[in-house]
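See structure below.
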Amino acid sequence: MDEPVTYHKQKEIFGHPIGLYILFFTEMWERFSYYGMRAILVLYLVARTTDGNAGLGWTNQEALSLYGWYTMLVYVMSIPGGWIADKFIGQKKSVLYGGILLVFGHGILSVEEVWAFYSGLALIVAGVGMLKPNISTMVGGLYAPGDIRRDKGFTIFYIGINVGAFAASLIVGYVGEVYGWHYGFGLAAIGMTLGLIQYIVGQKHLKHVGNHLPKSTDPEEVAAAKRPLTKIEKDRIKVLLLSFLLVIVFWGAYEQAGGLMNIYAMEKTNRFLGTFEIPASWFQSLNPAYIIILGTFVAGFWAKRKLKGKNASSLFKMCIGLIIMGAGFFFMTGAAAQYQAEGSSAMYWLVLAYLFHTTGELCLSPVALSYITKLTPVKYASIMMGIYFAMTGFGDKIAGLLGESASSLGEFTVFTGIAIFSVAFGFLVLIVRKRFEKLTHGVEDNEREFVPEQEKFDLGNPTING
């Protein structure tokens, strides 16, 4: 067993450690930069070179192919990012270095040169890989084992992500489409700079989290670090692998938002409100807006359900999330059918689709992050979080391939196929989940509202909490 470390009582705001809000705002600005760039990336690629706001003039298929590779690599790099944190520098410094790489990456992307475009993307890929898995692991380290606030904390953190994404879709999207793509990329760089400054200033509230522990010379601790996984730990890894299948399917469908659905909004949706034409990138703001509005409600619903003794396990939530998200694509089926019949589709199809996608996301994504911190053996904390984001990346690549297939199969076929498969897969895992939940060995059975009774308490998680 790992030796527990003394974990001092933390100052709190609204029932959560102040450190949560430092990480909240850091991730908010990082996601502002990422989603701001994502909102206009595909649109920039397909914009004609002869337009007033010239793009690169790629075909839809070429743009979606690069989008798929880019979003996959962004998250696959979380594996080396997590490994570097675990083995060498800790989560705290990894987030710092990742932030610095992102500032340079987005800054270079604002330069109107081909070399700058690819160099900027490469730096962003490396920066997200360093930051993304480690900041999420730090959030988990703020809470004691069995603290039911952990899921709520991740949902609050998730809202931070989407405050940034919402603002970015409107601001960066508008500036990029109206004033120039590279001005939009430059705004993303400014946002990341603000996030980095905020993270550095808030370090005093993160003293107990994310520090790298040097190798111990104590024989017992050395033996504990080299021991193989126990049967319980192996069983929990098996459950995580099942949950990763849900993650791949979910993001393979969901990430049509920045690709195929983004192009669909631009090319085939009637975006006029009177004489004003809504920028296509603004539809990317629907998802984060819904999350900000619904996030605490969904988290509270599941927490109350758990406290009442009703089924609210993580796998159950994730299955429900996949089913709801998949059902949202039936609205895109309706949009494609209307376009085939009338030559354009109404905006409300996108509005409804994003509502269902968001509700499903709130049931799956923050829950999956929290689930990993519950089940992962201590010494593999960041690397397992990195693997989770890599699975997200593989899902993103699948999303790109599906989007490309619309060129030959048509949007109606692609959207309907995604809907049917996602819903069916969610129900399949829902049916067999109880067999896998037994392999968690009751890790979620004793979750409760957590109120520290002493000035100090122990957390058996030295790698995460430092």
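Each value in this text was obtained by applying a stated rule to the coordinates, not by laboratory testing. Note that the structure is a prediction, hence the values are computed from the model and not measured. Neighbour counts are summed over all protein chains in view; Cβ atoms, including those assigned to glycine, are modelled from backbone coordinates with ideal geometry.
Could you state the per residue volume, in Å³, of the convex hull enclosing the Cα atoms of the range 281-358? Spell out each step's value before the answer.
Details: hull volume 6.8 nm³, N = 78.
Per-residue hull volume (Cα only) is 87 Å³.
By per-residue mean of other Cβ atoms within 10 Å, what is the highest-first order of 343-351, 430-438, 76-84?
For the peptides 343-351, 430-438, 76-84, the packing ranking is 76-84, 343-351, 430-438.
I'd like to know which of Trp282, Phe272, Phe244 lies farthest towards the positive end of the charge dipole of the range 230-322, counting +1 on Cβ of Lys and Arg and -1 on Cβ of Asp and Glu.
Result: Phe244.
Hey, can you grab everything whose amide H is under 5 Å from the amide H of Ser345? Only 5+ residues off in sequence or another chain; H modelled, so Pro and N-termini drop out.
HN-HN under 5 Å from Ser345: Thr269, Asn270.
Specify which residue in the list Ala303, Gly328, Ile232 is farthest towards the positive end of the charge dipole of the chain, using unit charges on the beta carbon of Lys, Arg (+1) and Asp, Glu (-1), about the Cα centre.
Ile232
For the range 75-178, what does the alpha-carbon gyration tensor say about shape, rounded, prolate or oblate, given a ≥ b ≥ c as the root eigenvalues, a/c under 1.5 as rounded, and a/b over b/c as prolate?
Here the range 75-178 falls in the oblate category.
What is the sum of charges around Gln198, taking Lys and Arg as +1, Asp and Glu as -1, for the other residues whose C-beta is under 15 Å from the C-beta of Gln198?
+1
Give me the tail of P(r) for the range 1-111 as a percent: Cα-Cα pairs with distance above 16 Å.
The proportion of pairs with Cα distances above 16 Å equals 74 percent.
No solvent, one uniform scatterer per C-alpha: report log10 I(q)/I(0) for the range 318-373 via the Debye equation at q = 0.13, 0.23, 0.24, 0.29 1/Å, two decimals.
After summing over all Cα pairs, the log10 values are -0.39, -0.78, -0.81, -0.99.
Taking a ≥ b ≥ c as the square roots of the eigenvalues of the Cα gyration tensor of the range 301-409, is the shape rounded (a/c under 1.5), prolate (a/b larger than b/c) or oblate?
Oblate, because a/c is 1.5 or more while a/b does not exceed b/c.
For the chain, place one equal point scatterer on every Cα, skip the solvent, and apply the Debye formula. What is log10 of I(q)/I(0) at q = 0.07, 0.14 Å⁻¹?
-0.34, -1.36
Provide the per-residue ³J(HN,Hα) series for the range 439-444, in order, calculated from phi with Karplus coefficients 6.51, -1.76, 1.60 and θ = phi - 60°, each as a whole number of Hz, with x at glycine and proline positions.
Taking θ as phi minus 60°, the curve returns 6, 7, 6, x, 5, 9 Hz for the range 439-444.
At 7 Å along Cα-to-Cβ for each site, give me the label-to-label distance between Leu56 and Ile232 in nm.
Here the modelled spin labels are 5.0 nm apart.
Between His441 and Leu245, how many nm apart are label points set 7 Å from Cα along the C-beta direction?
Modelled inter-label distance: 2.3 nm.
For the pair Tyr118 and Thr413, what calculated FRET efficiency results from E = 1/(1 + (r/R0)^6), where r is the Cβ-Cβ distance and R0 = 45 Å, to the nearest 0.05?
According to the calculation, E is roughly 0.85.
To the nearest 20 Debye, how big is the dipole of the chain about its Cα centre, given +1 on the beta carbon of each Lys and Arg and -1 on that of each Asp and Glu?
With Lys and Arg at +1 and Asp and Glu at -1, about 1300 debye.
What is the spin-label model distance, in nm, from Val111 to Lys207 if the labels are put 7 Å beyond Cα along the C-beta direction?
A separation of 4.2 nm, rounded to one decimal place.
What number, in percent, do you get for the relative contact order of the chain if the mean sequence gap of Cα pairs under 8 Å and at least 6 apart is divided by its residue count?
Worked out over the chain, it gives 29 percent.
Taking θ = phi - 60°, what integer Hz values does the Karplus form 6.51 cos²θ - 1.76 cosθ + 1.60 yield along the range 166-172, in sequence order, with x for Gly and Pro?
5, 4, 5, 4, 7, 6, 5
Determine, for each peptide in 16-25, 113-122, the mean count of other beta carbons within 10 angstrom over its residues, then list the peptides with the highest first.
Top to bottom by mean Cβ count within 10 Å: 16-25, 113-122.
When a/c reaches 1.5 or more, the comparison of a/b and b/c decides; with that in mind, is the range 230-314 rounded, prolate or oblate per its Cα gyration tensor?
oblate
Once you have the Cα-Cα distance between Ser405 and Thr296, take 0.36 nm times their residue separation minus that, and quote the gain in nm to one decimal. Provide the component values of the computation, followed by the final result.
On the way: separation 109, 0.36 × 109 = 39.24 nm, distance 3.66 nm.
Length gained between Ser405 and Thr296: 35.6 nm.
What order do you get for 99-112, 53-66 when each peptide is scored by the mean count of other beta carbon atoms within 10 Å, highest first?
Going from most to least packed, we get 99-112, 53-66.
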